[in-house]
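Below: the structure, in structure tokens.
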Amino acid sequence: MRRLRRDAKKRPVTLHQSVVVRREVKAAIQLIEWLWARSTNLATCTQHDIDDWLATDIWVRYLARTFLVWSVRNRHAHRVLIPIPPQDSSMVLIEQDQRWAHVRRLVKGDGVDTVTRVAGLLLLLFAQPLSRTSQIRLDQVTRTENGVALTLGSHPTDLPPPLDSLVLELVQQRHGYSALGRSEDHPWLFLGTAGGQPISSRQVMRKLTALGIKARPARNTTLMDLSAELPAVVLSRLLGLHINRAEKWTKEAGSTRADYAAELSRREEFRNF
């Protein structure tokens, strides 16, 4: 909290920063409550207790690491440690400022091909994994009265400019505007080098990595941001997430609509410190 207040004097606290702090505080509270239920506390707990705490394989529990390190340093706890979470269970994120810098670069598009721009914007704005992006079909794209929509889940998602025109550019390269929605011949929006096959997710990843965009952290950050604003059912319908997965994300982001409103209020408070 002190670090967040200090940073707030230099620049506005981002939603991502405040969400991370809130999640770490929540994890610390859960750890204390868990220890209390085992008839122990910070001062008397052992590494065996901490290992049991982590044994459920819920990566959120690793977020108590910052609190436990502080507790040991200040002699509230002794000879205990939460390790850095394993890579396969850690929540790797990027700063929101970095995410939006990537978006601006792809929007501007200087020297970046259309395939990379579209795939990158779908990742950074709609949290689409590259494995799904590479498999998008032409019949998922529709023109509407308001512009262009792309069906990623059960409901079409309106695309903002210039993403809408970039998607239409890809459609035109495949069949021409008159063929929008048709899937005979080559049905893929991102056509690969092999005849009739879509581009591979590995190819797309290489293109984005060359621009400094790491797919997994970028998607995690986008999902965290969207989950802080939208209910799980909306995430599921628009992004194609399984409802259980969407509920997990919204829970981890602490994002009911009331929570989000409170978060905005807290951000204003931080600016006044």
Simple spin-label estimate for Lys10/Asp158, 7 Å along Cα→Cβ, in nm, reads 3.9
Residues with amide H under 5 Å of Arg137's amide H, sequence separation 5 or more or different chain, H placed in the peptide plane at 1.01 Å from N; which? Leu189
Order Leu124, Leu54 by their accessible area, 1.4 angstrom probe, all chains in place, largest first. Leu54, Leu124
Gly153 long-range amide H proximity, modeled H, under 5 Å: Gly240
The range 1-55 accessible area per residue, 1.4 Å probe, protein heavy atoms, integer Å², reads 61
Using alpha carbons only, what's the Rg to Rh ratio of the range 129-174 with Rh from Kirkwood? 0.94
For Gln128, distant residues with modelled amide H under 5 Å away: Leu123
Asp52/Val25 FRET efficiency (R0 25 Å; Cβ-Cβ; nearest 0.05): 0.70
Could you work out the percent of alpha carbon pairs in the range 71-142 separated by over 15 Å, rounded to a whole number? 70
The alpha-carbon center of the range 100-146 and that of the range 1-40 are separated, in whole Å, by 34
Solvent exposure ordering (accessible area, 1.4 Å, most first) of His48, His186, His78: His48, His78, His186
Write down the accessible area per residue of the range 118-159 in Å², having rolled a 1.4 Å probe over the full set of protein chains. 38
Surface accessible to a 1.4 Å probe, Glu24 within the full protein complex, Å²: 50
Net charge, Ser236 excluded, C-beta distance under 12 Å - Lys, Arg +1, Asp, Glu -1: +2
At 0.36 nm per residue, and after removing the present C-alpha to C-alpha distance, how many nm does the segment from Glu145 to Arg79 gain when stretched out fully? 17.4 nm
Please list Met224, Met205 in order of solvent-accessible area, largest first, computed with a 1.4 Å probe with all protein chains present. Met205, Met224
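For Glu33 and Arg104, what is the calculated FRET efficiency with R₀ set at 45 Å and r taken between the beta-carbons, to the nearest 0.05? The partial results should precede the final answer.
Details: r = 43 Å, r/R0 = 0.95.
E between Glu33 and Arg104, to the nearest 0.05, is 0.55.
The values are calculated or read from the model by the stated rules, or taken from the named source; none is laboratory data. Note that this is a predicted model, so its numbers are computed, not measured. Neighbour counts are summed over all protein chains in view; Cβ atoms, including those assigned to glycine, are modelled from backbone coordinates with ideal geometry. Protein only, heavy atoms only, side chains kept; ligands, DNA and RNA dropped before computing areas. Shrake-Rupley method; radii C 1.70, N 1.55, O 1.52, S 1.80 Å.
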